[in-house]
Amino acid sequence: MLHLVYLYRNLTRNMLRTGLTCAAVALPITIYVLSAAVIDGLDRFLDNSAKQMRLVVVNRASIINPLPSGYRVKIESLDPTHSRITSICGMRWIGGKVENVAQPLSTLATQHDAYAATFPDEKLTDEEIEAWNRDRRAIIVGSATARQFGWKKGDRISINPSVPPYTPMEFNIVSTAPDAEDKITNFFRLDYLEEELKKVMAVPDGWTPDGWVSFIFVKCATKQDLDYYRKAIDEMFARSPYETKTHDEKAFMNEFITQAFNLPRNLTILAAVTIFVAVMAAANTMSMNIRDRMNEVATLKSLGFGQWLVFGLIQVESLALCALGGAIGAAIPFVAFTYTPLRNYPVPLIVFLDVRPIVCFQSLLIAATIGLLAAAWPAWSAARLHVVESLRNLE
Amino acid sequence: MALPLVYHWRNLFVRKTTTLLTVLVLAAVVGVFTWMLGFSDSLTRSLSTASDPMKIIMLKRGATSESNSAIPVDEYAKLNQLTEIARDPKSGQPLLSPEMMVQVSLPRVRDGGKTWGNVALRGVTEAAFAVHRNVKPTGRMFSLGSREVLVGLAAAKQFAGLKEGQTIELGYSADRAYTIVGYFSADGGPMESEIWGYLPSLLNAYNRSMYSSASLRLMDGADPEKVIEKIKGPAIQLEAQTESQYWQQQSRNVTNYLLITRLLVGVMSLAAVFSIANTMFAMVAGRTREIAMLRTMGYSGRHILTGFVLEAVLLSLMGGSIGCLACLGWLWFVGNTKDMFGASTFTTLAFEIHLTPDTILWALASVTAVGVVGALIPAIRAADTEVIRAIREA
């Protein structure tokens, strides 16, 4: 008990220093939490991709070159029993924009009959699947995209494709996929797109109205099947007019994420530097504290306090200081992105920042570690302090 | 007379640990700051070469980039009715360049081919070199008769298999070998990340009969906005943008990321301010008697104030220099080649991060500002020291 009072008095005797140190630890922890939250969001998205055991087949020449949609049947023929390849769904990219909004959307036309089976992670209800199968103009919009534009289930919306036919297309929202990990992409039916394309008089070649997809998703039963078919599919189409390149979905998505600006890597580096800053700032304070209190430490020891107790007292003081800073630093982004209008601020790639309590908790642990690291050297030198010499040296 | 500089310099080494730790904090902040500044400068530099005000890019209505635009030849022909197009002084032909844009997937040199990038492949005619004035072949042109291409200098550096004399498989089924016969420069602009070949030959290879986009050069004195209106109007009905508008849109994503990084670095600088303030408060508190002595010797409060601020600035500059050096070292050892994805081009724009003297000056100026802000309050407190009491008590 007495030790606690001593600790408390020590922390409060120079409020200015305590405050400044708290701030110097809290701000880096804030940055850390924000960076970690972004990386965490991307990781969860990628982990889901990995769990789904899907392959993505694209044209070897480049991603904008299409593949014949008949490839679906050819890939199916690799596994006539349907026990290893459970479902195959081709997709065609149309990008898209909402009238008068500059931001490009991510919208895909899908082979609707296979969509629900290939993407169980969209977690559509039976009723939604039925509406999707019934209505040719059905669209499933990403939950974050829906939130951004204020779209609700049952709404009728219009999207201008970025590729032919270019003319606005009308859709009926059958679901906003609230539980899906992919919160951005919108999916609609390929047969609707092909119908619209056929209406356009001059259809550019390379864009023949039907029979083309941009990529094909192949859902496998097990990890072994995934590895097996990744090679088997490319071998089947080798030396054909449309050679393929097959990735697992995680690698495919990751390529997209890192191509843009390798945000995860840059944020990781930033977070590491930030932690370094916090350690240095806290170590500075602790070394100044101990220096100022050299005679006190000597007195403590001469009163019979053991060197481990002295070591411990200083360590705990630093720990408390940094934990306090860490708690403030973690609380700021948590509150800001959970309870204020900031939570609707769109962040690229993950769209909406979700600061999960687990990330905050991790940062708190890191703050505590910072505290221990920062005090290591000052505490050690205090513990080894030679009583007589230090009392002699000080006035 | 102000306090001698050497007094402040020596004072920094009285409390070595504190000085070292503060310098390290500043170095870390400045290191990140410099990298970020270098990144956005290099990107801006690359994009600013692509901001020719007299150049207009035309796309199909609704298309968001050259990659997903398709202009039929008869619609392209309507552009000839524009009277504001500059003409080639020799041939009298309008400077109007039909172009085709596709992509080819190539391995990156930077990570030994582990990842691949989408390199833009542009089919052009002779007119393109007059419209895109900054594009200059370093050697000979591709010939119109055989399968030959030129490669942008940035693309040649960042992607494998693009050296002069090598062949590259292009075409719808990637089965036509084109020989690379030389390079071209584009003043470091985005086009330097592209591969250029003869339009009819590439149209054929990719089984196309439509252009992707068209670019034109305006004659002197023409108003770009008016021409854009005309192109968008009922007679032509194409989407038109000046070159800078086009690239601003394509770099929107990256500008967003940079905004976030900038915000985070701002927060970090604030942490550095607190850290400096902490150190300076300790310095002032530890030297109360010394300050009182200086006051009795005749130095004024203002001298003391500037003295402490100066000490903080010295501290900041030390940290700043180490930070800049660390950043240079990082770029040197880890690599300074970057490429970014256009918002909707799906092609990569390659560039190199170079730290210019301007960037370094900016970084040092900012860290000095951080030092001054952090030291101000402690220094004021030092200047306000009451002489008699300080000497009696300390």
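Annotations
- Semi-axis lengths, largest first, of the ellipsoid equivalent to segment A:241-302 are 55, 11, 5 Å, with √(5λ) applied to each eigenvalue of the Cα gyration tensor.
- Alpha-carbon radius of gyration plus Dmax, which is the widest Cα pair, for chain A in Å: 29.6, 98
- Residues B:151, A:273, B:14, A:279, ranked from the fewest to the most other C-beta atoms within 10 Å, line up as B:14, A:273, A:279, B:151.
- Relative contact order [Cα under 8 Å, 6+ residues apart], chain A, whole percent: 27 percent
- Compactness of segment B:55-221 as Cα Rg over 2.2 N^0.38 Å, two decimals: 1.03
- With Cα atoms, 0 to 90° folded angle of helix A:15-51 axis to chain A main axis: 30 degrees
- Close amide H partners of residue A:153, meaning residues 5 or more places away or on another chain with modelled amide H under 5 Å apart, do not exist here.
- Whole-Hz ³J(HN,Hα) from phi, Karplus 6.51 cos²θ - 1.76 cosθ + 1.60, for segment B:137-143, glycine and proline x: x, 7, x, 8, 6, 6, 7
- Degrees separating the helix B:252-286 axis from the principal Cα axis of chain B, which is the longest one: 10 degrees
- Rounded to the nearest 500, the 222 nm mean residue ellipticity of chain A from helices alone is -18500 deg cm²/dmol, with -39,500 (n - 2.57) taken per DSSP H run of at least 4 residues.
- Annotation: aspartates and glutamates with alpha-carbon distance below 20 angstrom to residue B:338 (same-chain offsets under eight excluded): A:255, B:41, B:111, B:187, B:192, B:194, B:352.
- Over segment A:61-242, relative contact order from alpha-carbon pairs under 8 Å, at least 6 apart, %: 32 percent
- Neighbour net charge for residue B:201 - beta-carbon separation under 15 angstrom, K R +1, D E -1: -1
- ³J(HN,Hα) computed for each position of segment B:213-229 - Karplus, 6.51 cos²θ - 1.76 cosθ + 1.60, integer Hz, glycine/proline x: 8, 9, 10, 9, 10, 7, 6, 4, x, 6, 9, x, 4, 5, 5, 4, 4
- Helix-derived mean residue ellipticity, 222 nm - over chain B, DSSP H n ≥ 4, -39500 (n - 2.57), to 500: -16000 deg cm²/dmol
- Those lysines that a straight Cα-Cα span of less than 19 Å connects to residue A:223, excepting residues fewer than 8 apart in one chain: A:51, A:231, A:245, A:250
- Most mobile of A:170, A:128, A:296 in a GNM of chain A (Cα contacts under 10 Å): A:296
- Net charge, residue B:349 excluded, C-beta distance under 11 Å - Lys, Arg +1, Asp, Glu -1: -2
- In order through segment B:39-54: 3J(HN,Hα) via Karplus (6.51 cos²θ - 1.76 cosθ + 1.60), integer Hz, x for Gly, Pro: 4, 6, 4, 5, 5, 4, 4, 4, 6, 6, 5, 9, 9, 5, x, 9
- Partner chain coverage, peptide B:247-254 - average Cβ within 10 angstrom: 2
- Cα long-axis angle, helix A:357-383 against chain A (0 to 90 degrees, to the nearest 10): 30 degrees
- Rounded to the nearest angstrom and listed largest first, the equivalent-ellipsoid semi-axes of chain B from its Cα gyration tensor are 59, 23, 16.
- Charged neighbours of residue A:225, selected by a Cβ distance under 13 Å, balance to +3 (K, R count +1; D, E count -1).
- Compactness ratio for segment A:61-242: Cα radius of gyration over 2.2 N^0.38 Å (N = residue count) comes to 1.05.
- Computed Rg/Rh of segment B:250-302, alpha carbon atoms with Kirkwood Rh: 1.43
- Across peptide B:170-180, the average count of Cβ atoms from other chains found within 10 Å of a residue's Cβ is 3.
- Label positions at residue A:365 and residue A:127, each projected 7 Å from the Cα along the C-beta direction, are separated by 4.2 nm.
- For segment B:1-112, the direction-averaged projected area of the alpha-carbon convex hull comes to 17.8 nm².
- Per-residue average of Cβ from other chains inside 10 Å of A:282-294: 4
- Near residue B:183, the amide H atoms lying under 5 Å from its own belong to B:138, B:139, B:151; only residues 5 or more places off or on other chains count, and H is placed 1.01 Å from N.
- Cβ crowding within 10 Å ranks B:349, B:144 as B:144, B:349, fewest other Cβ atoms first.
- Exposure proxy shown here: for A:200, A:141, A:277, A:163, the number of other Cβ atoms within 10 Å sets the order, fewest to most, as A:200, A:163, A:277, A:141.
- With contacts taken as Cα pairs under 8 Å and at least 6 residues apart, segment B:55-221 reaches a relative contact order of 34 percent.
- Straight-line cross-link reach from residue B:55 at under 16 Å between alpha-carbon atoms covers these lysines, not counting any fewer than eight positions away in the same chain: B:226, B:230, B:232.
- Paired Rg and Dmax values of the protein assembly as shown, which use every Cα atom, in angstrom: 32.1, 101
No value in this document is a laboratory result; all are computed from the given coordinates. Bear in mind that the values here come from a model prediction, so they are computed numbers and not experimental data. Positions of Cβ are backbone-derived with ideal geometry, glycine not excepted, and every protein chain shown enters the neighbour counts.
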